[in-house]
């Protein structure tokens with residue numbers, strides 16, 4: 001029986017991870033952590049019987065303890081609670097499906113406790129990749145990517161030497177505003193940006209996909225995951241979301257991973273790697289597939305992607321600025337406090353105002369995040 005813990009069990013990746021668990025009878029969920037959706041968390045607890053669960057606020061933790069007082073489940077709270085879930089002794093794989101830089105400390109704790117990481121929290125590598133990857137190597141644990149694009153790259157690397165990589169071709173759907181120009185985005189509303197053409201995801205990542213900032217975060221994440229230079233990562237728009245990413249080798253061969261847009265595939269692959277298992281769902285029918293097309297991303301209109309390349313090349317604390325500024329800007333857009341086009345404007349201004357710190361510590365990363373938040377709150 002494979003034992004796992006999930007950080008972010010009530011979110012999009014967390015709930016789909018539990019679908020994979022439900023479909024297989026040899027995974028035991030020993031720990032779960034969620035934000036404040038304790039109604040869904042209670043349902044999950046009653047179905048999957050974890051030994052320990054965590055919620056962010058102590059108030060919600062008290063409420064949850066009352067709700068599940070008939071069950072032998074320990075309820076913990078806050079960052080200490082996340083770290084406790086991440087370090088449960090019997091856990092083999094920690095699924096980090098929590099959103100935001102809040103995932104850094106529990107991921108580090110999980111690695112130090114010898115857990116393999118099924119990584120869906122891209123902010124951890126974007127801001128602290130220089131800490132996470134050497135730490136994983138030191139403790140002999142695997143970082144198994146759950147993002148569909150990074151899983152595709154990981155799968156395309158199997159059986160090949162990493163030093164034979166010429167470049168990574170990271171695919172993007174282009175989002176709901178593909179081929180639109182800046183002036184056409186002036187009056188975009190929240191509802192428009194939440195209509196992704198291919199994928200069903202959480203609200204924040206759906207907005208990020210529409211601005212191509214999500215692809216920028218994935219570029220920086222790929223740099224750390226696959227130990228390549230930013231110049232070796234090329235974003236290619238593939239509107240049908242059939243090719244999930246590709247690797248071009250030094251001899252010119254290109255190996256790709258194709259499939260229907262279903263996040264359960266990379267989740268299941270990470271949980272069972274290197275084994276492949278049957279996964280119910282749609283299959284590609286190449287007889288009916290009329291075309292697979294490619295486009296170059298528009299980095300002038302969607303210049304959040306260009307800013308990501310700038311941050312990734314500079315390194316240090318600048319990727320933290322990029323990430324933190326985007327997080328708060330997206331939150332403000334979702335709350336209808338700023339316009340859609342102000343998202344990349346805010347990111348760019350915060351990056352220009354930042355004095356870069358090379359090789360920042362976790363404390364410096366989190367301090368940078370707070371400084372960015374203060375700057376944005378004082379201006380917008």
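No value in this document is a laboratory result; all are computed from the given coordinates. Because the structure is a prediction, the values reported are computed rather than measured. Counting neighbours? That spans all protein chains shown, and the Cβs are built from the backbone with ideal geometry, glycine included.
Details
- Shape category assigned to region 200-288 from the gyration tensor of Cα positions, a/c cut at 1.5: rounded
- Between the beta carbons of residue 339 and residue 234, assuming R0 = 35 Å, the FRET efficiency works out to 0.70 to the nearest 0.05.
- Anisotropy class of region 267-346 from Cα gyration tensor, a/c 1.5 cut: prolate
- Label-to-label distance, residue 186 versus residue 203, with points set 7 angstrom from Cα along the beta-carbon direction: 2.7 nm.
- Packing order of peptides 269-275, 331-337, highest average first: 269-275, 331-337 (average count of other Cβ atoms within 10 Å over each peptide's residues).
- You can think of it this way: the chain between residue 275 and residue 51 has 77.9 nm of extra reach, that is 0.36 nm per residue less the Cα-Cα gap.
- Note on residue 253 and residue 79: their simple-model spin labels are 4.7 nm apart, each label 7 Å out from Cα toward Cβ.
- Each stretch of four or more DSSP H residues adds -39500 (n - 2.57); spread over every residue of the chain, this sum gives -13500 deg cm²/dmol at 222 nm.
- The value of relative contact order for region 50-94, using C-alpha pairs under 8 Å at least six residues apart, is 47 percent.
- Computed over region 264-380: relative contact order in percent, which uses C-alpha pairs under 8 Å that are six or more apart: 25
- Sorted peptide list for 116-127, 65-76, 13-24, criterion being average Cβ within 10 angstrom, highest first: 116-127, 13-24, 65-76
- Site pair residue 378 and residue 163 shows an inter-label distance of 4.9 nm when each label is modelled 7 Å from Cα along Cα→Cβ.
- The residues 262, 282, 192, 208, when put in order of fewest to most other Cβ atoms within 10 Å, stand as 282, 192, 262, 208.
- Here the relative contact order of the chain, from alpha carbon pairs under 8 Å that lie six or more residues apart, stands at 15 percent.
- Cα gyration tensor shape of region 55-197, rounded if a/c is under 1.5, else prolate or oblate by comparing a/b with b/c: oblate
- Were the residues from residue 23 through residue 90 laid out at 0.36 nm apart, the gain over their Cα-Cα distance would be 21.9 nm.
- If R0 equals 51 Å, the separation of the Cβ atoms of residue 290 and residue 310 corresponds to a calculated FRET efficiency of about 0.85.
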